[in-house]
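Notes follow once the structure below has been shown.
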Amino acid sequence: MSGEIEARLKSAGFDLPAAPPAVANYVPFVLSGDLLFISGQLAKAGDGRMVTGRLGADLSIEQGYEAAQLSALNILAQAKAALGDLARISNVLRLNGFVAATPEFTDHPKVVNGASDLIGNALGHAGQHTRIAVGVPSLPLNSAVEVDAVLRIRG
């Protein structure tokens, strides 16, 4: 099934990047029993390109959506690094989406849909999740979006 997940990503035009290293003093993931906690993932592509700026000032909703997709790809990359096989994901329990935005910007859910749609399309039923989408004044490295995740895994 892991091959199927990566094939779905590929058919949607995405390549699973290598898991990015932590940018500060924390670990990218922690496995505890049947739960995998993945630290916040920035909007950084595998080639190092990063979507930076704030929604409502520098970026459109579409650009924010694409930034959230990059964060979701990095979540899946961390899951593969932790588990070795994406097929071990039983279900995504929670995504927390943070959007760098101006105080007037209120379309955070539309931006974080980029992450939700990518995860849902890649994992199918296992990708259905709860989530939050909130605005913040800034994010690390001026990233436009940061998303973390809690996943349930199979033995």
For this session: Take the residues in the stretch 102-120 that are free of Cβ contacts under 8 Å to residues at least 60 places away in the same chain and among the aliphatic types (A, V, I, L, M), then tell me which one is nearest to residue 45 (Cα to Cα).
Result: 115
Exercise. Taking the stretch 113-155 on its own, how many of its residues are of a type in the set (D, E, K, R) and over 14 Å from the mean Cα position of the chain (by Cα)?
Worked result: 2
Exercise. Given the conditions (1) farther than 14 Å from residue 82 by Cβ; (2) in contact with a Lys or Arg (Cβ under 8 Å, 6 or more places away or on another chain), and given that residue 16 satisfies all but one, which numbered condition is not satisfied?
Worked result: (1)
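Here is a yes/no grid of residues against (1) crowded, with 23+ Cβ neighbours inside 10 Å; (2) not aliphatic (A, V, I, L, M):
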| residue | (1), (2) |
| --- | --- |
| 7 | no, no |
| 21 | no, yes |
| 38 | yes, no |
| 43 | yes, no |
| 68 | yes, no |
| 97 | yes, yes |
For this session: Name the single residue, out of those in the stretch 121-155 being without any contact (Cβ under 8 Å) to a residue 40 or more places away in the chain and assigned to a strand (DSSP E or B), that is nearest to residue 90 (Cα to Cα).
Result: 130
Exercise. Residue 134: crowded, with 22+ Cβ neighbours inside 10 Å and among the β-branched types (Val, Ile, Thr), yes or no?
Worked result: no
For this session: Please state which of the following conditions residue 55 fails to meet, knowing it meets all the rest: (1) within 12 Å of residue 147 (Cα to Cα); (2) in contact (Cβ under 8 Å) with a residue 60 or more places away in the chain; (3) buried (at least 20 other Cβ atoms within 10 Å of the Cβ).
Result: (1)
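None of the figures in this text is laboratory data; all of them are computed from the coordinates on show. On a predicted model such as this, the values are computed, not experimentally measured, just so you know. Ideal geometry is used to build each Cβ from the backbone, glycine not excepted, and the neighbour counts take in all protein chains shown.
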